[in-house]
Amino acid sequence: MNIVTLTHGSGGINSAEFVQKIFMPYFTDIMPYANEDSGIFCNTSDMSYVTSTDSYTINPIFFAGGDIGKLCVCGSSNDVAMMGGKPLYLNIGFIIEEGFSIDLLKKIAESIAIECKKLDIKILSADTKVLPKVTNNTEAKDKLIFINTTCIGSIQKDSISAKNLSEDDCIILSGKIGNHGAQIFLEQNNIAITSNIQSDCASLYPMLEPLLQSDIPIHCMRDATRGGLSSVLNEWAISSHACIDINEESIQIDSEVYGVCEMLGLEPYDLANEGVCVIALPNRYADKALSILKQHVLGSNAAIIGKVSKVFTPQELNSKAHISGNTYYQKVVLHTRYGSKRFLEYPQGELLPRIC
């Protein structure tokens, strides 16, 4: 690992190893929420707050279902929501290549404003930097723009963490997967096929608010962005020392997304999503949680897709009890529609450049 490559930002196992080997030797003792998408601060008996930061480099910057402006608000607010937070404030920074279109910049700003107003988010501070020309693009619309956003929210439900899986936890997927990744791939590669695929880019807090305000305990929650469903479940299995069993027939994927995957050799479970989350909670609350999610349009396709079949104790690991049996240490097992089983592997290599 002598140089940074695109695979290091893919959201798969290469990204995880990159962070662990390069950053964490220096950050471990000063980064208590290193394995989460957000961090909690000002944690008192009266109120706790959560914050998350993210950067957006998507190409193309305008796509069916959204644009980089909508995406940066949805993406950061969703990360706050995944820790049980209500998004309240946003800090935003723009890095713009010289020659970028002013008209397009206005459209991006408008998209940001629209999405913030939907969530009643206030922008606390903003910054703009203009880079000298860094590409050979001659058209203003093809110049680069990067956006960094930091979202701050108030905790509505605590104790949500990738390390909190429990045995027999139910795994719920809030909607169909693969739409964002499939659409961005088609647009990036100028693949001229007729389809109704659109990015699922959306802010998830309005769907999650009644769930967070209910008495239902939530152990883990994560939006399935870079690396898709595969990355989320493998991160959980590793962080919680667990085995997760997933039923392929319960995972909803649009036929057109399947078609794109078959045509181009893509794995739908690895495709990025920007409006879908995965939730782990005790099995006895599963039906109630589903009922709440389905009351919102974003959760109309919510479904139970599997369970946590085993969480391995330190004693079992020391005795190597995890080596044999029908459960697999830190693995996700996909039960196919044909009755067979296979591991749903942690995505590797470059997955789809600039999908967020």
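The values are calculated or read from the model by the stated rules, or taken from the named source; none is laboratory data. These numbers were taken from a predicted model, which means no experiment stands behind them. Positions of Cβ are backbone-derived with ideal geometry, glycine not excepted, and every protein chain shown enters the neighbour counts. Areas reflect the complete protein model, heavy atoms only, side chains present, ligands, DNA and RNA absent. Shrake-Rupley method; radii C 1.70, N 1.55, O 1.52, S 1.80 Å.
Quick notes on this one:
- Net charge contributed by nearby residues that have their C-beta within less than 12 Å of residue 86 (K/R +1, D/E -1): -1
- Geometric descriptor of region 278-328, per residue, is 90 Å³ (volume of the convex hull of the Cα atoms).
- Given +1 at the Cβ of Lys and Arg, -1 at the Cβ of Asp and Glu and no other charges, the dipole of region 119-162 around its Cα centre is 120 debye to the nearest 20.
- When chymotrypsin sites (Phe, Trp or Tyr not before Pro) are flagged only if DSSP places them in a loop and at most 16 other Cβ atoms lie within 10 Å, the longest unflagged stretch of the chain comes out as 34-337.
- For residue 225, net neighbour charge (Lys/Arg +1, Asp/Glu -1) across residues whose Cβ lies under 10 Å away: -3
- For region 274-288, 3J(HN,Hα) per residue [Karplus equation, 6.51 cos²θ - 1.76 cosθ + 1.60, θ = phi - 60°, Hz, x = Gly/Pro]: 10, x, 9, 10, 10, 10, 10, 8, x, 4, 5, 9, 4, 5, 5
- Nearest-0.05 FRET efficiency for residue 168 and residue 103, computed from C-beta distance (R0 51 Å): 0.40
- In degrees, nearest ten, helix 102-119 long axis to first principal axis of the chain (Cα): 40
- Point-charge dipole on Cβ atoms (K/R +1, D/E -1) for the chain, about Cα centre, debye to 20: 180
- nm² value of the averaged projected area, convex hull over the Cα atoms of region 145-217: 8.2
- Where labels lie 7 Å past Cα in the beta-carbon direction, separation of residue 198 and residue 141 in nm: 2.0
- Result for the chain in a Gaussian network model with C-alpha springs under 10 Å: among 254, 29, 54, the largest mean-square fluctuation is at 29.
- Under a 5 Å amide H cut-off, with hydrogens placed 1.01 Å from N, residue 85 pairs with 156 among residues at least 5 apart or on other chains.
- Accessible surface of the chain, 1.4 Å probe, proportion on carbon and sulfur as whole %: 51
- Couplings 3J(HN,Hα) for region 169-181, derived from phi with the Karplus relation 6.51 cos²θ - 1.76 cosθ + 1.60 (θ = phi - 60°), are 4, 8, 9, 10, 10, 7, x, 6, 10, x, 5, 5, x Hz, where x marks Gly and Pro.
- Its Cα gyration tensor gives the chain an equivalent ellipsoid, and the semi-axes of that ellipsoid, as √(5λ) in whole Å with the largest first, are 32, 24, 21.
- Built from the Cα atoms of region 28-187, the convex hull projects on average onto 12.3 nm², one quarter of its surface area.
- Peptides 222-234, 150-162 ordered by average Cβ neighbours within 10 Å, highest first: 222-234, 150-162
- Couplings 3J(HN,Hα) for region 331-340, derived from phi with the Karplus relation 6.51 cos²θ - 1.76 cosθ + 1.60 (θ = phi - 60°), are 10, 10, 9, 9, 8, 7, 5, 9, x, 8 Hz, where x marks Gly and Pro.
- Label point at residue 284 placed 7 Å out along Cα→Cβ; residues across region 150-171 whose backbone nitrogen lies under 11 Å: none
- Cα radius of gyration and Dmax for region 170-284 (Å): 15.1, 48
- Excluding same-chain neighbours fewer than eight residues apart, the lysines reachable from residue 294 by a Cα-Cα span under 22 Å are 86, 118, 157, 176, 307.
- With the simple model of a label 7 Å out from the Cα in the direction of the Cβ, residue 114 to residue 42 spans 3.1 nm.
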